[in-house]
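As structure tokens, the structure follows; a few thoughts come after it.
The values are calculated or read from the model by the stated rules, or taken from the named source; none is laboratory data. Note that this is a predicted model, so its numbers are computed, not measured. Heads up, the Cβs are rebuilt from the backbone with ideal geometry, glycines too, and the neighbour counts pull from every protein chain shown.
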Amino acid sequence: MFKNIVVAVDGSDPSNRAISIACDLAKNYHSDIHLVHTPELDTAVGALGVSAVSFEPTDKQIEEAGKRVMDNAQKQADIAGHPAKSAIMGNGTPAQEVLSATKKKNADLIVTGRRGLGNIAALVLGSTSQKIAHDAPCAVLTVK
């Protein structure tokens with residue numbers, strides 16, 4: 001049923017659950033998983049271990065934090081017994097990068113976490129998982 005599964009990764013708990021679920025599905029369907037992460041300020045802050053930002057991280061720090069998030073995602077997939085076929089680090093917006101990887105990898109499923117910004121923040125900012133679900137050319141599974 002699913003041959004290629006793209007997993008949106010950001011280092012959050014819902015993202016980690018998405019990796020676990022994607023690995024389980026991939027084992028059952030003999031699928032390949034492809035991890036996609038786009039380093040951003042908010043995910044870099046978490047990966048750097050800072051709870052409140054009192055400084056603006058440099059581009060290099062954001063990139064290093066992104067690599068840390070991706071390394072952890074790859075380790076999680078390895079531990080789950082289904083190593084990722086590819087790991088893609090994007091530099092655009094997260095939704096655009098996930099959708100681009102979906103097309104490049106001919107994915108038939110996207111698995112993404114939902115961090116839950118809340119109603120007002122989601123209305124103002126939109127959410128990555130909503131954008132992906134709206135524009136995806138394939139099935140989307142959103143995990144909370």
message: Within region 46-56, does at least one residue satisfy the condition of being at pLDDT 90 or above, part of a helix (DSSP H, G or I) and either surrounded by fewer than 17 Cβ atoms within 10 Å (Cβ to Cβ) or among the aliphatic types (A, V, I, L, M) (or both)?
response: no
query: When region 1-19 is examined, which residues are found to be under 12 Å from the mean Cα position of the chain (by Cα) and surrounded by fewer than 20 Cβ atoms within 10 Å (Cβ to Cβ)?
result: S12, D13, P14, N16, R17
statement: Of the conditions (1) farther than 17 Å from S12 by Cα; (2) modelled with pLDDT under 95; (3) not basic (K, R), the single one that E64 does not satisfy is (1)
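Condition (residue is at pLDDT below 95 and touching a strand residue (DSSP E or B) at 6+ places or on another chain (Cβ under 6 Å)) applied to region 117-129: is it met by at least one residue? I'd like the intermediate steps shown before the answer.
Our first condition is that a residue be at pLDDT below 95; within region 117-129, this holds for 117-129.
After this cut, where a residue has to be touching a strand residue (DSSP E or B) at 6+ places or on another chain (Cβ under 6 Å) as well, the list is 129.
Yes, because at least one residue in region 117-129 is at pLDDT below 95 and touching a strand residue (DSSP E or B) at 6+ places or on another chain (Cβ under 6 Å).
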